[in-house]
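Enquirer: What follows is a single structure, and I will ask about it in a moment.
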Amino acid sequence: VVLIDRQRQAWRFDLGEQIPRRLAMSGLDAVSAGSDLLAALQHRPPLEIFNLYLVDASADDVRKWSSGNVVPVTYPGDPEQFLTEAPDLPAGDARDLLVDANLWLLHPGTVTRVNFGTPLIQEDYSLDQPPDAAVRGPLGYTLLDGATIGERELFYIYDAANARIIAFQRADGAFVRQWLAPREGAESGLLAAVQAMTVSSVADGPPAAYLLTPDRIVRIVLE
């Protein structure tokens with residue numbers, strides 16, 4: 001786990017060791033104070049060497065720190081500007097960030113796909129509107145995760161405005177399915193205020209989603 005504190009000091013946590021280690025990242029002083037989206041992509045599996053991507057909110061850009069080739073990981077140089085051109089939806093307005101083979105910026109109603117630094121326009125890639133859009137309020141996507149279910153690669157998105165989780169196909173953004181909390185009972189407010197979400201990949205069967213709510217961590221099966 002990598003995080004940056006309020007003093008703009010980066011820290012690396014090994015989940016087994018659970019001890020914070022200082023991580024030198026030059027160029028953090030130039031990142032705007034409102035920036036809070038940071039993601040890592042493993043560069044040399046199975047070694048713990050990873051590149052870091054950060055959305056600079058005021059600059060409407062993504063900065064990339066490339067790692068060295070030693071363990072523990074180091075970042076010998078300044079970050080590069082990752083985006084080769086401005087996307088049609090401002091990067092600084094993104095709600096969440098995901099990095100896999102591509103980089104994805106989540107917006108209130110869609111995502112921006114970035115291929116090796118080049119953002120695609122919404123006409124080339126976007127998410128379908130959910131089929132019940134006419135009877136619901138405006139979309140309010142805030143959390144994004146990806147998972148492989150069998151041979152299908154899916155996105156899972158938390159829609160805070162409508163208290164639901166929605167699945168889309170990664171390849172073309174097609175709507176797949178949605179999940180809502182029960183209308184009544186003790187779990188009726190389960191999806192009302194999700195603060196973080198991760199969905200596990202599975203070879204067969206429905207995946208599990210792990211949700212961080214204001215008072216607990218919840219595991220639910222998306223079936």
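Enquirer: Take the Cα coordinates of the range 152-223, assign each an equal point scatterer, and use the Debye formula without solvent to give log10 I(q)/I(0) at q = 0.12, 0.13, 0.25, 0.28 Å⁻¹.
Expert: -0.32, -0.37, -1.26, -1.46
Enquirer: Contact order normalised by length for the chain, with contacts defined as Cα pairs under 8 Å and 6 or more residues apart; what percent is it?
Expert: Relative contact order for the chain comes out at 10 percent.
Enquirer: Which percent of the accessible area of the range 1-72 is formed by carbon and sulfur heavy atoms (probe 1.4 angstrom)? Present the calculation step by step, with values, prior to reporting the outcome.
Expert: Working: 2190 of 4300 Å².
Carbon with sulfur: 51 percent of the solvent-accessible area.
Enquirer: Could you quote the convex hull projected area for the range 77-187, Cα atoms only and averaged over all directions, in nm²? Walk me through the numbers before you get to the answer.
Expert: Details: hull surface 36.7 nm².
Over all viewing directions, the range 77-187 projects a mean Cα-hull area of 9.2 nm².
Enquirer: Let me ask you something else. Sticking with the crude label model, points 7 Å out along Cα→Cβ, report the distance from ALA33 to SER58 in nm, one decimal please.
Expert: Distance between the two pseudo-spin positions: 0.8 nm.
Enquirer: List, in order, the whole-Hz ³J(HN,Hα) value for each residue of the range 143-155 obtained from phi through the Karplus relation with A = 6.51, B = -1.76, C = 1.60 and θ = phi - 60°; use x for Gly and Pro.
Expert: 10, 9, 9, x, 8, 9, 10, x, 9, 9, 9, 10, 9
Enquirer: Out of the range 146-197, which GluC sites (Glu not before Pro) are coil in DSSP terms and have no more than 14 other C-beta atoms within 10 Å?
Expert: Sparse-neighbourhood loop GluC sites (Glu not before Pro): GLU151, GLU184, GLU187.
Enquirer: For a distance above 20 Å, tell me the whole-number percent of Cα pairs in the range 39-118 that qualify.
Expert: Summing the P(r) of the range 39-118 above 20 Å gives 32 percent of all pairs.
Enquirer: Right, next: How would you classify the range 104-169 from its alpha-carbon gyration tensor, with a ≥ b ≥ c the square roots of the eigenvalues: rounded for a/c under 1.5, else prolate if a/b is greater than b/c, otherwise oblate?
Expert: oblate
Enquirer: Then there's this: What do you get for Rg/Rh of the chain when both radii come from the Cα atoms and Rh is the Kirkwood radius?
Expert: My calculation of the ratio gives 0.97.
Enquirer: Tell me, what is the FRET efficiency for VAL202 and LEU15 to the nearest 0.05, using R0 = 30 angstrom and their Cβ-Cβ distance as r?
Expert: My answer for the efficiency is 0.90.
Enquirer: Given points 7 Å out from each Cα along the Cα-Cβ axis, report the VAL135 to HIS43 separation in nanometres with one decimal.
Expert: Placing both labels 7 Å along Cα→Cβ, they lie 5.1 nm apart.
Enquirer: Could you do me a favour and compute the accessible area per residue for the chain, 1.4 Å probe, result in Å²? Could you put the intermediate results ahead of the total?
Expert: On the way: 11910 Å² over 223 residues.
Result: 53 Å² of accessible area for each residue.
The values are calculated or read from the model by the stated rules, or taken from the named source; none is laboratory data. Keep in mind the model is a prediction, meaning the values are calculated, not measured. Glycine gets a Cβ as well: all are built from the backbone with ideal geometry, and neighbour counts include every protein chain shown. The accessibility values were calculated without ligands, DNA or RNA, using every heavy atom of the protein model including side chains. Shrake-Rupley method; radii C 1.70, N 1.55, O 1.52, S 1.80 Å.
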